[in-house]
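What follows is one structure encoded as structure tokens, with my remarks underneath.
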Amino acid sequence: MAGLLKRLVAWWDGASIGTSLYTRRYGTKVGEDAEGNAYYRNAEDTRRWVIYSGQNDASRVGPDWYGWLHHTFLQPPTEVPIPHKTWEKPHQPNLTGSEGAFLRQGSIRRADVKPANDYEAWSPE
């Protein structure tokens, strides 16, 4: 019962009931990516969508699948793989707010930064 209630109201964590019903009725599965996200299209190929495995976060979609979702590529990466350059880094989701987030040198959130003692507090005499 808790799973059904969660799917009714929790659109941010996986597919909602409406998306699941639409996918079951009209969707054709095209493939999956390394994250486990499943990609679908309708029979006319006018609509394309993704069902995330876990939290719905668009930054978890890699550039190959992003291009297919936005009709930049006609064929999905499972049928026609996109050639990659040797200097390209693998796709990473947005890490903002997590332990893996980039912190600039001098950021107070970094562990190697000590508070500066370059001032003296003013006190009235």
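Read-outs: derived from the displayed coordinates by stated rules, not from any lab. Computed from a predicted model, the values in this text were never measured in an experiment. Ideal geometry is used to build each Cβ from the backbone, glycine not excepted, and the neighbour counts take in all protein chains shown.
Mind checking the full-extension length gain between Glu99 and Ala58? Use 0.36 nm per residue of separation minus the Cα-Cα distance, one decimal, nm.
Between Glu99 and Ala58, full extension yields an extra 12.8 nm.
Starting from one equal scatterer on each C-alpha and no solvent at all, send me the Debye-based log10 I(q)/I(0) for the chain at q = 0.13, 0.19 Å⁻¹, two decimals.
At q = 0.13, 0.19 Å⁻¹ the computed log10 ratios are -0.70, -1.12.
Taking the chain as a Gaussian network, where each spring joins two C-alpha atoms under 10 Å apart, which residue of Leu95, Leu69, Leu103 fluctuates the most?
Of Leu95, Leu69, Leu103, the Gaussian network model singles out Leu103 as fluctuating most.
On full extension of the chain, what length is gained from Thr86 through Arg24, given 0.36 nm per residue of separation minus the C-alpha to C-alpha distance?
Between Thr86 and Arg24, full extension yields an extra 18.4 nm.
Enter the angle in degrees (range 0 to 90, nearest 10) between the Cα long axis of helix 17-26 and the first principal axis of the Cα atoms of the chain, meaning the one along which they spread out most.
40
With +1 assigned to the C-beta of every Lys and Arg and -1 to the C-beta of every Asp and Glu, and no other charges, what is the dipole magnitude of region 1-111 about the Cα centre in debye, to the nearest 20?
320
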